[in-house]
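Here is the structure we will look at.
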Amino acid sequence: MANIFSSSIGKKFVMSISGAFLLVFLLLHASINLAAVASEEAYNMACHFMDTNILIQIMVPVLALGFVVHIVYAIILTLHNMKARPVKYAVGNQAEATFASRNMFVLGLIVLGFLTIHLSHFWAKMQLQHFVGGTATENPYLLVKTTLSNPANAIMYLVWIWALWFHLSHGFWSAFQTLGASNQIWIPRLKVASYIYATIIAVSFTIVPLYFVLFAK
Amino acid sequence: MNLTLKIWRQANAKARGAFETYNVSDISPDSSFLEMLDILNLQLVRAGKDPVVVEKGCRGPVAFDHDCREGICGMCSLYINGRAHGPDDDITTCQLHMRKFKDGDTITIEPWRSAGFPVVKDLVVDRGAYDKILQAGGFISVNTGGVPDANAIPIPKPKADESMDAAACIGCGACAATCKNGSAMLFVAARVSSLALLPQGKMEAARRAKAMVAKMDELGFGACTNTQACEAECPKGISVAHIARLNREFLSAKLKD
């Protein structure tokens with residue numbers, strides 16, 4: 001284990017493990033969200049579960065740590081990579097590479113920027129209050145409904161979700177590649193899985209603001 | 001063909017460089033890119049720019065690296081119009097032909113840009129960093145003794161093929177030059193992978209991966225973000241699947257420590 005985290009591959013290892021952890025979190029988040037489309041009772045029940053289940057309470061700080069580690073290592077690696085090319089090219093790189101793979105850090109910043117707004121919209125008024133001993137909103141469904149039925153908010157969420165789609169479309173297979181869990185046959189398969197995963201997440205996230213802005217009365 | 005060339009000129013490693021513009025005319029579409037540069041240099045020499053003594057204010061011919069001119073030595077480089085080894089796939093710059101350009105084009109020619117590859121002069125960069133990475137572990141230790149029979153150790157054909165695909169690396173540096181992170185991972189991976197796949201190399205695989213990655217990091221190359229630009233620009237089409245193997249070898253070696 002000696003000096004593993006001082007090596008470039010060791011730092012990438014941290015990125016992929018923390019990223020994979022966040023991928024699992026997104027699946028849970030997306031499934032809870034869909035309860036809001038099902039019914040008010042279902043969503044409020046799901047929120048109650050998230051506020052009381054002991055495993056979830058343990059995982060909340062772990063999740064926060066996962067985000068912090070992923071972001072801190074992204075900054076460390078990006079600064080390191082910028083130093084590897086002190087003199088820039090005059091002509092931009094024309095080599096074939098996906099938009100997402102070239103812009104992971106920028107996409108990550110966009111995701112992070114909206115994440116802070118998102119946390120202030122919901123989490124700060126819901127689960128956070130249980131941790132700090134404040135009063136959480138009594139009807140989470142109503143909070144979601146009033147926030148997302150505002151078209152400006154809904155549009156912001158859609159932009160955010162689809163920036164996340166790009167981030168995930170590269171991040172998913174990239175995590176496997178960094179861990180060494182791929183080869184010539186599995187790289188194309190993992191890329192397909194990447195697009196499927198990113199699309200499942202983005203579509204299930206998109207349904208919620210669309211539903212509230214179009215149908216919620 | 002008549003072309004406008006924007007070429008990076010830099011007197012030496014410490015001097016400040018800048019682009020200079022040149023015009024070349026009557027270039028055959030069948031001539032190679034390096035032949036076109038030869039014609040430019042001849043033109044510069046004939047115009048009184050001494051090829052040996054570079055007088056004050058006179059830069060002389062354009063310096064660029066080349067050797068075999070048949071795509072196997074890995075000596076030529078050049079970042080042409082935003083692409084390492086120019087606008088064609090699976091070739092080195094010496095195999096690039098002027099038919100890939102159009103009459104009247106402006107072509108921008110830059111040296112490899114990487115902290116690991118300092119510019120020596122004009123378009124020539126020092127790729128000694130790759131040699132240092134190889135010296136750190138890109139070999140197998142052979143103790144003296146009798147010559148073993150060929151094929152005494154059976155090697156499955158798919159493994160031998162994959163090893164040979166990685167061994168095709170000519171160390172030209174296009175991977176680090178094109179990578180947005182200036183990462184040398186494809187080069188290191190090709191060496192580690194081609195040896196790790198064979199019984200002769202497997203013995204030292206863990207030590208090799210650790211030593212070569214440590215040297216790569218030390219020499220200022222960036223970290224891989226899996227854009228696959230290196231694979232797209234590699235003149236030998238070496239797959240990033242070898243990077244996955246390098247990651248495997250390195251991480252398992254480190255986790256055992």
Does B:PHE187 count as modelled with pLDDT under 95 and touching a helix residue (DSSP H, G or I) at 6+ places or on another chain (Cβ under 9 Å)?
-> no
So how many residues does segment A:115-138 have that are surrounded by 14 or more Cβ atoms within 10 Å (Cβ to Cβ) and not in a helix (DSSP H, G or I)?
-> 4
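For segment B:82-194, please list each of the helices (runs of 4 or more DSSP H) lying entirely inside it that holds at least 1 residues being aromatic (Phe, Trp, Tyr) and under 25 Å from B:ARG245 (Cβ atoms).
Details: elements: B:128-137, B:157-167, B:174-178.
Hits in segment B:82-194: B:128-137.
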Of the residues A:THR137, A:THR116, which is over 19 Å from the mean Cα position of the chain (by Cα) and more than 30 Å from B:ILE91 (Cβ to Cβ)?
-> A:THR137
When segment B:183-221 is checked residue by residue, the ones that are within 21 Å of B:ILE155 (Cα to Cα), surrounded by fewer than 20 Cβ atoms within 10 Å (Cβ to Cβ) and within 14 Å of another protein chain (Cβ to nearest Cβ) are B:ALA206
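Please find, among A:LEU168, A:LEU158, A:LEU143, the residue that is within 15 Å of the chain's Cα centre (by Cα) and surrounded by fewer than 20 Cβ atoms within 10 Å (Cβ to Cβ).
Working: A:LEU168 fails: surrounded by fewer than 20 Cβ atoms within 10 Å (Cβ to Cβ); A:LEU143 fails: within 15 Å of the chain's Cα centre (by Cα).
Selected residue: A:LEU158, the only one of A:LEU168, A:LEU158, A:LEU143 that is within 15 Å of the chain's Cα centre (by Cα) and surrounded by fewer than 20 Cβ atoms within 10 Å (Cβ to Cβ).
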Hey, among the residues in segment B:222-232 that are among the aliphatic types (A, V, I, L, M) and either buried (at least 24 other Cβ atoms within 10 Å of the Cβ) or more than 7 Å from chain A (Cβ to nearest Cβ) (or both), which one's farthest from B:ILE91 (Cα to Cα)?
-> B:ALA223
Considering residues that are out of contact with any Lys or Arg (no Cβ under 9 Å at 6 or more places or on another chain) and facing chain A (nearest Cβ under 8 Å), the number found within segment B:233-245 is 6
Working only within segment A:4-20, note down all residues that are surrounded by fewer than 19 Cβ atoms within 10 Å (Cβ to Cβ), out of contact with any Lys or Arg (no Cβ under 8 Å at 6 or more places or on another chain) and either modelled with pLDDT under 95 or more than 11 Å from chain B (Cβ to nearest Cβ) (or both).
-> A:SER6, A:ALA20
Of the residues A:ASN93, A:ASN81, which single one is at the interface with another protein chain (Cβ under 7 Å from one of its Cβ atoms), modelled with pLDDT of 95 or more and over 22 Å from the mean Cα position of the chain (by Cα)?
-> A:ASN81
Qualifying residue in segment A:44-59 (condition: in contact with a strand residue (DSSP E or B) (Cβ under 8 Å, 6 or more places away or on another chain) and on the phi < 0 side of the Ramachandran plot) | no
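Only residues that are among the hydroxyl-bearing types (Ser, Thr, Tyr) and in contact (Cβ under 8 Å) with a residue 60 or more places away in the chain: list them for segment B:86-131, please.
Narrowing segment B:86-131 to residues among the hydroxyl-bearing types (Ser, Thr, Tyr): B:92-93, B:106, B:108, B:114, B:130.
Hits for segment B:86-131 are B:THR92, B:THR93, B:THR106, B:THR108, B:SER114.
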Selection within segment A:96-113 - under 14 Å from the mean Cα position of the chain (by Cα) and at the interface with chain B (Cβ under 7 Å from one of its Cβ atoms) = A:MET104
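Would you confirm, using the coordinates I've provided, whether B:ALA190 is within 23 Å of B:PHE117 (Cβ to Cβ) and touching a strand residue (DSSP E or B) at 6+ places or on another chain (Cβ under 7 Å)?
Details: within 23 Å of B:PHE117 (Cβ to Cβ): yes; touching a strand residue (DSSP E or B) at 6+ places or on another chain (Cβ under 7 Å): no.
The answer is no for B:ALA190.
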In segment A:143-185, residues that are within 14 Å of chain B (Cβ to nearest Cβ), of a type in the set (Phe, Trp, Tyr) and farther than 11 Å from B:ALA244 by Cβ total 2
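The values are calculated or read from the model by the stated rules, or taken from the named source; none is laboratory data. Keep in mind it's a predicted model, so treat the numbers as computed, not measured. Glycine gets a Cβ as well: all are built from the backbone with ideal geometry, and neighbour counts include every protein chain shown.
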